[in-house]
Amino acid sequence: MDQYAVFGNPIAHSKSPFIHKMFAEQTGQSLHYAAILSPLDGFAESVSTFIASGGRGANVTVPFKEQAFKLVEQLSPAARQAGAVNTLIYQDGKLLGDNTDGIGLVKDLLFHGVVLQGKKILIIGAGGATRGVVLPILEQTPASLHIANRTAEKALSLAKHVPSFARVTGSGLNDIPDTSFDLIINASSASLSGDSPNIDAAYMVNKPVCYDMVYSKEDTAFNLWCQQQGASMTLDGLGMLVEQAAQSFYLWRGIMPDTQPVRQALRMSLSQA
Ligand code: ATR
């Protein structure tokens, strides 16, 4: 049977085996998908052992996405821009690296009827999560994309390094040069510690759609704050997780699974946890 896996540390709580098992059943694909705990200093060895034992592809999660970027022999444009790889594909004796996080975000937004074309987008945070999604967002041709970060220099530097796209700007959280956003994406890691990034309510004047890339059983602190400020819709990152997985599955198997039943099952298991 074809072998797939997700590498991470920690990995026990990864939803990826659950998601890919459902995808495989739904599409009638015969494959096995495991969660592999890689030692922090042994990622490359873990991947080569997996490939040697018949591994065809893998997902990569925290903290190995940057190491995977360095490890692969060929990078997709999305992975190159992200500086990180979340999908490994072993093909014709070669290890290829892609990044499906950004397309996962865009597809989740589209799934909820949020079109990015011509819209004014604010993204909060300038770390790996933001780098991973900038290019696929820009490919949707928004009117503008502003990156705001607690540490302003990181946002400015990231905005400057987006290749061949105009209309990307950067600033600190308190000197965002516009207020009328259609969509605000929280890509900071604040939600992971139950916090909301400290932005002014003035940026909510347009009643934007708000998207937190983190997901949890209850609304995240950011989404709660957005609701209080009159957001037209709040979404969390559960759909993005499922969509990035679907895109990886497609890269490996050439079949795009239906994400809807998997979204439902995952939300249900979350509410029962
Ligand atoms: P990730 O890969 O999840 O993006 P990262 O590269 O460590 O993780 O980046 C974390 C991001 O969240 C950074 O942009 C960080 O801001 P700083 O660059 O100023 O550190 C942002 N962040 C973390 N906690 C935050 C908080 N409480 N409020 C606002 N931004 C926060």
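The values are calculated or read from the model by the stated rules, or taken from the named source; none is laboratory data. Given the structure is predicted, the values throughout are model-derived calculations rather than measurements. FYI the Cβ positions are ideal-geometry reconstructions off the backbone, even for glycines, and counts take in every protein chain you see. Remember, those area values only see protein heavy atoms, side chains included, never the ligands or the DNA or RNA. Shrake-Rupley method; radii C 1.70, N 1.55, O 1.52, S 1.80 Å.
Checking LEU88 against (1) touching a Lys or Arg at 6+ places or on another chain (Cβ under 6 Å); (2) in a strand (DSSP E or B), only one condition comes out false. Which one?
So LEU88 meets the others, but not (1).
So in the stretch 216-230, with the set limited to residues that are more than 13 Å from the ligand (Cβ to nearest atom) and surrounded by 20 or more Cβ atoms within 10 Å (Cβ to Cβ), which one is farthest from THR100 (Cα to Cα)?
In the first step, residues of the stretch 216-230 are kept if they are more than 13 Å from the ligand (Cβ to nearest atom); the result is 216-219, 223-224, 226-230.
Filter again for surrounded by 20 or more Cβ atoms within 10 Å (Cβ to Cβ), leaving 223, 226.
On the way: ASN223: 24, CYS226: 27 Å.
Among those residues, the one meeting the criterion is CYS226.
Could you say which residue among ALA126, ALA148 is closer than 21 Å to SER191 by Cα and part of a loop (DSSP other than H, G, I, E, B)?
ALA126
If LEU138 satisfies every condition in (1) more than 11 Å from the ligand (Cβ to nearest atom); (2) more than 23 Å from VAL85 (Cα to Cα); (3) crowded, with 20+ Cβ neighbours inside 10 Å but one, which is the exception?
Here LEU138 meets the rest and fails (2).
Being open to solvent by 10 Å² or more (accessible area, probe 1.4 Å) and more than 12 Å from the ligand (Cβ to nearest atom) is the filter here; which residues of the stretch 119-134 pass it?
Within the stretch 119-134, LYS119, LYS120 qualify.
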